[in-house]
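Heads up, the thing below is written out as structure tokens.
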Amino acid sequence: MSLKPGSYYFCACGRSANLPFCNGTHQGSGVGPFAVEITEPQTVAICACRHSASRPFCDGTHKSLTTE
């Protein structure tokens, strides 16, 4: 996704109706959003598997996950 400079909050709980962005539905879950400050326009890949070491950004970990 292409992001302009600014502050972004990415959902970490999976409850947001506005994924990948946080909409506040995490309240009371004990999980908070990932706060990211973007300083220059850039294109990023957002992690959807929830296993990336660099969340909220994708690091390719999903390629090594197996399903049981």
Any hit, the range 10-31, residues being among the charged types (D, E, K, R) and within 29 Å of Thr67 (Cβ to Cβ): yes
Which members of the range 1-34 meet the condition of being under 9 Å from the mean Cα position of the chain (by Cα) and closer than 22 Å to Thr61 by Cα? Tyr9, Phe10, Cys11, Ala12, Leu19, Pro20, Phe21, Pro33, Phe34
Any hit, the range 45-67, residues being charged (D, E, K, R), touching a Ser or Thr at 6+ places or on another chain (Cβ under 8 Å) and assigned to a loop (DSSP other than H, G, I, E, B): yes
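Run down Gly14, Gly32 and say which single residue is of a type outside the set (Val, Ile, Thr) and either without any contact (Cβ under 8 Å) to a residue 24 or more places away in the chain or in a strand (DSSP E or B) (or both).
Testing whether each residue is of a type outside the set (Val, Ile, Thr) and either without any contact (Cβ under 8 Å) to a residue 24 or more places away in the chain or in a strand (DSSP E or B) (or both) leaves just Gly32.
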Where residues in the range 22-46 are touching a strand residue (DSSP E or B) at 6+ places or on another chain (Cβ under 6 Å) and of a type outside the set (S, T, N, Q), which of them is surrounded by the most Cβ atoms within 10 Å (Cβ to Cβ)? Cys22
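All of the numbers you see were taken from the coordinates with simple rules; none came from a lab. In this text the structure is predicted, and so the values were computed from the model without any measurement. A quick note on method: Cβ atoms are made from the backbone with ideal geometry, for glycine too, and the neighbour counts reach across all protein chains shown.
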